[in-house]
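Have a look at the structure below, then the notes.
The values are calculated or read from the model by the stated rules, or taken from the named source; none is laboratory data. Fair warning: this is a prediction, and the values are worked out from it, not measured in the lab. We place every Cβ from the backbone using ideal geometry, glycine too, and count neighbours over all the protein chains shown.
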Amino acid sequence: MFISIILPTLNEADNLRRLLPYLQTNAEGYSFEMIVVDAMSSDDTVAVATQLGARVILCQRRNRAVQMNAGARAALGDVLYFVHADTIPPPCFAADINAEIAAGTIMGCYRYRFDSPSRLLRFNAYFTRFPFLWCQGGDKTFFIRRCAFEAMGGYDERFVIMEEYDFLRRAMKRYPLRILAGQVVVSARKYDQNSWLRVQLANAGAFLLFRLRVDPVLIKRFYYACLRHPKANVKTDAAAEVR
């Protein structure tokens with residue numbers, strides 16, 4: 001089984017310095033590749049990714065759906081594993097994915113926990129064990145058989161936000177989503193920059209607009225208006241997300 005690990009990036013050099021060696025070390029003994037799809041970062045993301053053994057694809061559009069589709073098209077593997085640059089999968093991720101695919105799983109993800117001792121964030125993370133759509137999101141990381149991903153038409157590139165929710169909304173009608181017991185470690189930086197309540201209200205509002213099929217551009221505008229984004233840490237379309 002060959003796993004293509006696809007990482008959409010925008011100014012993620014610091015995170016890649018930690019993540020890429022970690023992925024290599026813990027996938028040792030398995031067949032895999034790392035593909036960084038970069039949306040024209042202004043830092044040294046591309047240089048770091050290249051130095052650390054990833055194959056780099058440059059993407060002119062700062063849109064994570066576009067980036068992940070580009071990574072999937074370039075992938076050599078028969079399993080695609082989408083990972084955010086600021087998340088850390090469990091050390092056993094390669095073994096887990098191989099075992100799940102061998103057992104017939106079509107697509108799956110992990111639960112997660114935040115890199116924070118906050119009780120409120122532990123409360124949030126608890127719900128990531130459930131299969132409801134509102135409990136999903138790209139932070140959990142996501143693996144899928146390539147044939148199934150292609151059968152679904154990949155990510156809808158109109159979604160400048162909520163692209164993973166849209167994909168799962170469609171895919172879960174056709175394939176069961178397997179949620180593994182392991183936990184991905186997720187950055188709490190959004191909560192550090194805002195209050196817990198502010199982020200929850202932004203999330204809830206964005207998800208409601210998504211369910212009402214509001215234009216994704218308007219959802220993104222609403223979501224970013226709700227939150228504080230210090231200039232140094234702003235993520236544009238390439239990494240827009242709802243946690």
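Please state which one of V184, V160 is surrounded by 15 or more Cβ atoms within 10 Å (Cβ to Cβ), modelled with pLDDT of 95 or more, closer than 19 Å to P216 by Cβ and within 16 Å of the chain's Cα centre (by Cα).
It is V160.
Among R122, R113, which is the only one that is free of Cβ contacts under 8 Å to residues at least 40 places away in the same chain, in contact with a Lys or Arg (Cβ under 8 Å, 6 or more places away or on another chain) and more than 17 Å from V36 (Cβ to Cβ)? If you could, list the steps in order and put the result at the bottom.
On the way: R113 fails: free of Cβ contacts under 8 Å to residues at least 40 places away in the same chain.
Testing whether each residue is free of Cβ contacts under 8 Å to residues at least 40 places away in the same chain, in contact with a Lys or Arg (Cβ under 8 Å, 6 or more places away or on another chain) and more than 17 Å from V36 (Cβ to Cβ) leaves just R122.
For segment 165-215, give me each residue that is touching a Gly at 6+ places or on another chain (Cβ under 9 Å), touching a residue at least 40 places away in the same chain (Cβ under 8 Å) and among the basic types (K, R).
Scanning segment 165-215 gives a single hit, R178.
Residue by residue through segment 91-132, note down the ones that are closer than 25 Å to L19 by Cβ and charged (D, E, K, R).
Once the filter is applied, which keeps residues that are closer than 25 Å to L19 by Cβ and charged (D, E, K, R), segment 91-132 yields D96, E100, R111, R113, D115, R122, R129.
Listed here are the residues, each with its yes/no results for (1) under 19 Å from F142 (Cα atoms); (2) basic (K, R); (3) assigned to a loop (DSSP other than H, G, I, E, B).
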| site | (1), (2), (3) |
| --- | --- |
| I3 | yes, no, no |
| L7 | yes, no, no |
| N15 | yes, no, no |
| I35 | yes, no, no |
| D43 | no, no, yes |
| V56 | no, no, no |
| N69 | yes, no, no |
| P91 | yes, no, yes |
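Restricting attention to segment 83-104, and to residues there that are hydrophobic (A, V, I, L, M, F, W, C) and under 15 Å from the mean Cα position of the chain (by Cα), which single residue is surrounded by the most Cβ atoms within 10 Å (Cβ to Cβ)?
Narrowing segment 83-104 to residues hydrophobic (A, V, I, L, M, F, W, C): 83, 85, 88, 92-95, 97, 99, 101-103.
Retained after the next criterion (residues that are under 15 Å from the mean Cα position of the chain (by Cα)): 83, 85, 88, 93.
Values: V83: 22, A85: 23, I88: 22, F93: 26.
Within segment 83-104, the match that is surrounded by the most Cβ atoms within 10 Å (Cβ to Cβ) is F93.
Which one is farthest from A72 (Cα to Cα) among residues in segment 136-155 that are at pLDDT 95 or above and part of a helix (DSSP H, G or I)?
K140
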